[in-house]
Amino acid sequence: MNGGTQALDLARARLWDRSELDEATVVRAIGTLASRGADLADLYFESVRSRQWNLENGQVSNGSFTIDQGVGARTSREGRVAFAYSADFRPEALLDVAAAAQSLRRDGVDSAEAGGLRLASRSSSHDLYAMIDPVEQAQAEICIALLQKVDAMARAADPRIVDVRANIGAADKVMLVVDQDAQMAADVRPVLRLFVQVIAEAKGRRAQGMDGIGGRYGIERFDDAAVGAMVANAVRQATVNLDARPAPSGVMSVVLGPGYPGVLFHEAIGHGLEGDHHRLKLSAFTGMLGKQIASKGVTVIDDGGMSERLGSVAMDDEGTPADRTVLIEDGILVGMMQDRLNAGMMNWKRTGNGRRQSYAHLPMPRMTNTYLGAGEEDPADIIASVGRGIYAPAFGGGQVDIVSGRFNFSTTEAWLIEDGKLTAPVEGATLIGIGHEALKHISRIGNDLALDAGQASCGKQGQNLSVSVGQPTLRIDEMMVGGRGE
Amino acid sequence: MTQGALLLRTEEELREVAQQAVDHAGTIAGARARASVFASGGINALVRDGQVDKAQRDGSQMLSVTVFLDGRSGSSSTAALDPASIRLAVEEAATIARNVQPDPNVDLADPSWLAFDGPSPKVFAPYHGGVDQLVESALAVEKAAIAALPTGKDIAVTEAGAASSEHGWALAISGGFCRSVMSSNHSRWCAAIARDDNGQSIEFADSSDKRFDSLDSVETVAERAIRRAEARLGARSAPAMRGPVLFEARIAQVVVADVLNALDGLSQHRGASFLPDAVGRQVAADHVTLMEDPFEDYGPASAPFDGEGVAGSRRALIEDGIARGYLHGSLSARRMATQSSGNSQGAYNLELSSSKPGGMLTDMHRMLGRGLVVTAVKGGGTDPVTGNFTRAVSGYWVEDGAVAYPVDDLTIAGSMPDMLHNIIAIGADVERQGGLRSGSILIDGMQVGGQS
């Protein structure tokens with residue numbers, strides 16, 4: 001169980017009590033932000049503790065621990081925003097930061113201070129992730145043993161593995177947000193991640209492979225099965241890439257593997273359906289709502305309420321409960337992801353997508369766990385259906401230009417398909433396309449929907465967040481593949 | 001040196017905090033420490049349609065301390081800088097150091113490497129205006145951009161902005177090292193959208209400098225954004241081909257960043273570089289030189305020493321195509337039995353040049369003859385181990401040595417070790433982007449992927 005009064009009590013103890021911050025001061029600060037005709041204001045308190053252990057050369061010879069904390073103060077009127085933040089929680093500092101934000105507003109109207117506010121709680125409890133403390137769990141002994149096991153597993157898996165690097169990261173975020181009506185909501189969010197990178201060598205040639213797992217769960221989830229599967233993926237990638245030939249170049253059919261390759265839809269569609277670019281009419285999908293933008297059978301969903309996923313937030317950073325938003329249903333664009341400001345201005349419902357990297361960043365509409373739903377085809381049949389193309393089960397990440405819809409992403413493991421068979425591994429290639437056009441070229445959808453194992457993250461306007469991505473095996477006709485072969 | 005108005009901590013306060021952390025570590029038997037304190041303050045205004053769309057006041061601080069105990073180390077950071085938090089951070093770092101495994105190469109920089117004194121380039125020019133002046137400057141950029149809009153074309157200004165920030169950094173190390181650096185950064189920018197039958201695209205232009213007075217003028221930034229947006233109208237794909245590609249000076253970084261990764265000491269030692277055992281070897285065409293300079297006044301990547309207290313030096317990383325040095329911090333230097341080059345945080349200011357005069361951009365077009373000029377890199381990457389290079393790009397096409405039409409939706413690919421040898425020329429059209437000064441770079445033997 002998490003959230004509710006339990007999370008609120010913990011948040012108040014960790015964020016307010018240590019700095020001798022009381023309710024009266026918080027009410028005064030939010031009153032300042034809500035004055036002068038503000039139609040949106042909030043105070044966002046946050047404390048993050050994190051721990052990391054690194055292995056290289058078979059040894060864990062360093063580790064780190066960080067405490068970051070602060071408060072962000074926002075005040076807005078008709079979409080125009082003023083924002084200030086501080087690492088200092090003392091009462092006088094909080095009043096200063098609220099006044100600083102308010103003084104940045106140049107469009108204020110002269111009206112009385114917002115008065116008569118009383119703090120009230122509106123967070124409810126949830127069971128998406130437990131109120132555990134992975135930072136406390138991630139102590140030296142257990143993490144060093146785990147990382148050395150990763151090292152041993154990788155070297156034992158294949159004698160060609162000559163170098164292993166791995167790290168464990170644990171974080172515990174406690175947040176509390178107070179809005180202009182003095183409504184409070186709090187959440188406690190654990191993050192645990194394990195990452196491995198290996199180098200294989202044979203006949204004077206070297207190649208690398210990498211993989212990661214993670215979630216909002218405790219360290220007991222890093223059991224032999226989960227760790228073994230991650231190591232096997234990284235080792236396979238490195239050894240396959242030892243034999244890779246130059247990737248082809250040109251327009252061809254591409255089959256994407258299940259799971260992390262869903263980053264394609266995160267980039268190609270997801271960002272274009274975030275409310276901020278729509279409000280400014282700057283999304284490539286502007287004006288396409290209600291229209292058939294993808295092949296029939298294509299359904300894309302953003303769901304912040306999936307159990308223990310890194311993209312899950314029981315409530316977003318503005319206190320809006322997690323939601324499951326259907327973005328594309330059977331090929332038709334039906335939904336959009338919103339934060340408070342954009343939902344308010346567009347007269348749209350809030351969808352629980354108002355996320356921020358930290359107290360030092362403004363919230364904006366962001367994805368949570370975004371995936372393309374399963375179809376009915378056998379993945380083997382999908383590969384067999386391709387005359388000449390590439391099969392890509394692993395990617396290094398991608399980017400999108402939200403305004404034009406142009407996206408790209410780069411393979412870290414890929415194979416040539418010839419006459420329906422995987423014939424040879426190929427080197428990394430960059431795949432490019434335009435979101436709404438690529439959607440129309442999805443011709444086959446597998447029955448093997450999977451989400452990534454916990455290695456995904458997302459950057460937008462300089463803010464990084466953990467997300468999840470996913471999809472089943474998919475065939476996309478006509479994608480531009482940019483390898484160095486001809 | 002004048003204290004600016006944006007930073008909430010004085011330089012002396014930052015040094016005191018760093019020194020307190022090192023002093024506290026000194027009370028732990030056998031421990032030595034390095035403590036770094038950063039603080040920054042800034043203001044940032046984004047305007048749209050003649051109004052402030054977003055105004056932001058930044059203020060952050062962080063103490064990072066690393067404790068060394070018998071070949072082991074632990075690190076800890078805290079945003080709270082009160083004495084109790086400083087002690088806690090030091091003790092947490094010491095606890096980690098006691099629990100990790102020893103590595104004989106993990107230690108503070110050798111005292112003989114430390115920059116107890118030495119040149120301190122000027123990097124601080126505080127902002128003396130207030131929020132209102134910054135907002136006025138952002139509004140002026142937008143106004144100038146609107147005035148520069150061409151008639152009869154679907155181009156609009158989407159935003160303009162201005163920002164100023166001040167940064168303080170103090171570094172204290174057991175054994176009596178305690179130095180600090182104050183720096184500043186100022187910028188202004190503009191974005192414009194161009195629409196045609198194929199869709200829409202946004203182009204940015206910005207100017208960034210340590211000195212407010214050295215920024216490109218409001219008009220220059222505004223006009224550059226409009227010109228870039230206008231240049232995108234009518235963009236189409238291009239024919240696939242193998243041959244030369246010209247990288248415009250403003251994106252030269254895409255080539256140089258890979259070279260820096262390959263020359264990084266830790267990558268070299270791990271065998272994770274596409275230029276293994278590079279030093280002394282011909283790694284690029286024999287007319288190519290890459291110089292590093294930490295000490296240029298107001299250089300974007302200038303600093304008197306790195307995060308370990310070691311100064312860099314003015315030197316060649318590549319000279320006439322031959323690699324002359326690696327980027328070493330203490331750890332990689334010890335592993336490779338050499339000295340730190342003061343690069344634990346990466347390279348300082350860089351200048352890529354050629355002994356063969358490449359001429360201005362139009363001369364470079366003539367040298368290219370027919371093919372792609374890259375003006376923007378949208379994504380992609382380079383495998384650090386194999387050097388396989390692949391990118392999604394846009395730019396314009398050149399036919400018979402002259403600009404023909406704008407292009408988009410293209411890929412380029414090559415092998416980094418080959419690409420460096422295939423540099424035909426570097427232009428005299430020098431621009432500075434981030435810490436790199438370079439002209440446009442003409443590279444032969446690239447695979448261009450296009451659809452027409």
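None of the figures in this text is laboratory data; all of them are computed from the coordinates on show. What you are looking at is a predicted structure, and each value in this text was computed from that prediction instead of being measured. Virtual Cβ from ideal backbone geometry, glycine too; neighbours counted across all protein chains shown.
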For residue B:311, other-chain or 5+-apart residues with amide H closer than 5 Å (H placed, Pro excluded) are B:115, B:306
Calculated from DSSP helices alone, with each H run of at least 4 adding -39500 (n - 2.57) and the total divided by the residues of chain A, [θ]222 nm to the nearest 500 comes to -6000 deg cm²/dmol
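How many percent of all Cα-Cα pairs in chain A sit more than 28 Å apart? Walk me through the numbers on the way to the answer.
On the way: 65944 of 117855 pairs.
So the pairs more than 28 Å apart make up 56 percent of the total in chain A.
Over 22 Å, how big is the tail of the calculated P(r) for region B:119-203, in percent of all Cα pairs?
Values: 1842 of 3570 pairs.
It works out to 52 percent of all Cα pairs.
Counting other beta carbons within 10 Å of each Cβ, put A:26, A:469 in order, fewest first.
On the way: A:26 25, A:469 28.
Least crowded to most crowded, the residues run A:26, A:469.
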Going fewest to most other Cβ atoms within 10 Å around each Cβ, A:412, A:5 line up as A:5, A:412
For region A:2-242 (alpha-carbon point model, no solvent) the Debye-based log₁₀ I(q)/I(0) at q = 0.09, 0.12 Å⁻¹ works out to -0.54, -0.76
Output for region B:235-452 (equivalent-ellipsoid semi-axes, sqrt of 5λ from the C-alpha gyration tensor, Å, descending) is 32, 18, 15
Placing one equal point scatterer on each C-alpha of region A:172-315 and summing with Debye, one gets log10 I(q)/I(0) at q = 0.10, 0.15, 0.21 Å⁻¹ equal to -0.62, -1.12, -1.30
Percent of all alpha-carbon pairs of region B:209-254 at distances over 13 Å, whole number, is 75
Taking the reciprocal of mean 1/r across every pair of different Cα atoms in region B:241-330, the Kirkwood radius in Å is 14.5
Placing each pseudo-label 7 Å from Cα in the direction of the beta carbon, residue A:385 and residue B:10 end up separated by a distance in nanometres of 7.2
Binned at 10 Å from zero, the C-alpha pair distances of region A:403-486 give percents of 13, 38, 40, 8, 0
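As an exercise, take the mean of 1/r over every pair of distinct alpha carbons in chain B, invert it, and state the Kirkwood radius in angstroms.
On the way: mean 1/r = 0.0414 Å⁻¹.
Hydrodynamic radius (Kirkwood, Cα pairs) of chain B is 24.1 Å.
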Projected convex hull area of region A:27-140, Cα atoms, direction-averaged, in nm², equals 10.9
Charge dipole of the protein assembly as shown built from unit charges on the beta carbon (Lys, Arg +1; Asp, Glu -1), centred at mean Cα; most positive-end Cα among B:407, B:83, A:55 is B:407
log10 I(q)/I(0) for region B:244-290, Debye formula on C-alpha points only (no solvent), q = 0.15, 0.26, 0.33 Å⁻¹, two decimals, reads -0.46, -1.04, -1.23
A correct Stokes-Einstein calculation for region B:136-253, using the alpha-carbon Kirkwood radius, 10 °C and 1.306 mPa s, returns a whole-number D in µm² s⁻¹ of 94
Computed over region A:1-68, the convex hull of the Cα set has an average projected area, in nm², of 8.0
Sorted largest first, the Cα spans of region A:206-273 on the principal axes come out in Å as 46, 40, 17
Toy charge model, Lys and Arg Cβ at +1, Asp and Glu Cβ at -1: the protein assembly as shown dipole around Cα centroid in debye, rounded to 20, equals 540
Kirkwood radius from Cα pairs of region B:304-418 plugged into Stokes-Einstein at 20 °C, 1.002 mPa s, gives D in µm²/s equal to 123
Residues whose modelled amide H sits under 5 Å from the amide H of residue B:54, counting only those 5 or more places away in sequence or on another chain, are A:81, B:46
Expressed to two decimals, the protein assembly as shown has a Cα Rg over Rh, using the Kirkwood radius, of 0.94
Quick calc: nm separation of the 7 Å Cα→Cβ label points for residue A:289 and residue A:141 -> 5.8
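For region A:171-272, which trypsin sites (Lys or Arg not before Pro) pass both filters: DSSP loop (anything but H, G, I, E, B) and at most 13 other C-beta atoms within 10 Å?
Numbers: sites: A:173, A:193, A:203, A:205, A:206, A:216, A:221, A:236; in loops: A:203, A:216.
Within region A:171-272, the qualifying trypsin sites (Lys or Arg not before Pro) (loop, at most 13 other Cβ atoms within 10 Å) are A:203.
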One finds the C-alpha centres of region B:237-253 and region B:21-88 to be spaced, in Å, by 42
Taking max minus min of the Cα coordinates of region A:104-206 on each principal axis, largest first, gives extents in Å of 77, 34, 22
Its Cα gyration tensor gives region A:249-482 an equivalent ellipsoid whose semi-axes in whole Å, largest first, are 30, 17, 16
By the Kirkwood definition, with r running over pairs of different Cα atoms, region A:253-390 has a hydrodynamic radius in Å of 15.9
If amide H atoms are modeled at 1.01 Å from N in the peptide plane, then the residues at a separation of 5 or more from residue A:36, or on another chain, having amide H under 5 Å from its own are A:111, A:114
For region B:1-121, the Cα gyration tensor yields equivalent-ellipsoid semi-axes (√(5λ), largest first, whole Å) of 35, 17, 14
proj_area_mean for region A:313-399 (convex hull on C-alpha atoms), units nm², value 8.6
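I'm checking a number: the convex hull volume of the Cα atoms of region B:11-231, normalised per residue, in Å³. What is it? Don't skip to the end; give the middle numbers.
Details: hull volume 38.6 nm³, N = 221.
Value for region B:11-231: 174 Å³ per residue.
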In chain A, helical segments from DSSP H whose Cα atoms cover 15 Å or more along their own axis and that average at least 1.0 on the Kyte-Doolittle scale are A:23-34
Listed with the fewest Cβ neighbours within 10 Å leading, B:127, B:298, A:391 appear as B:298, B:127, A:391
